[in-house]
Amino acid sequence: MARDMSDKEILKMELDQLKKEVSTARTPLAANCAQTVSMVEELFPNDPLIKGVSDEKNPYKGDKGGCTVT
């Protein structure tokens, strides 16, 4: 794409992108980390990857027997 554009067009496109980036709201990294930690701690009790899934809700357990890896 850039090969088909003149230097002036490329610079204009870069300038437009920088204008968009400068107007983007920024938050400090520490604030983002704190929000992420609180979200993880809030969702932790209901996380099926951590707590597991009960047998009655798990479609892969039960009467099917299971599998054996040899």
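The values are calculated or read from the model by the stated rules, or taken from the named source; none is laboratory data. Just so we're clear, the structure is a prediction, and the values are computed from it rather than from any experiment. The protein model used for the area step is the full one, side chains on, heavy atoms only, and it has no ligands, DNA or RNA in it. Shrake-Rupley method; radii C 1.70, N 1.55, O 1.52, S 1.80 Å.
Calculate, in nm to one decimal, what residue 49 and residue 27 gain on full extension: separation in residues at 0.36 nm each, minus their alpha carbon distance. Going from the current span to full extension adds 4.9 nm.
How large a share of the accessible area of the chain, in percent, is made up of carbon and sulfur atoms when the probe is 1.4 Å and the other protein chains stay in place? Ligands and nucleic acids excluded, carbon and sulfur give 59 percent.
With all protein chains present and a 1.4 Å probe, how do 38, 23 order by accessible area, largest first? Show your work: numbers first, answer last.
Numbers: 38 60, 23 95 Å².
These residues rank, largest area first, as 23, 38.
Provide the three semi-axes, in whole Å and in decreasing order, of the ellipsoid equivalent to the chain as defined by the square roots of 5 times the Cα gyration tensor eigenvalues. Let's see the in-between values first.
Working: eigenvalues 514, 119, 16 Å².
Computed over the chain, the values are 51, 24, 9 Å.
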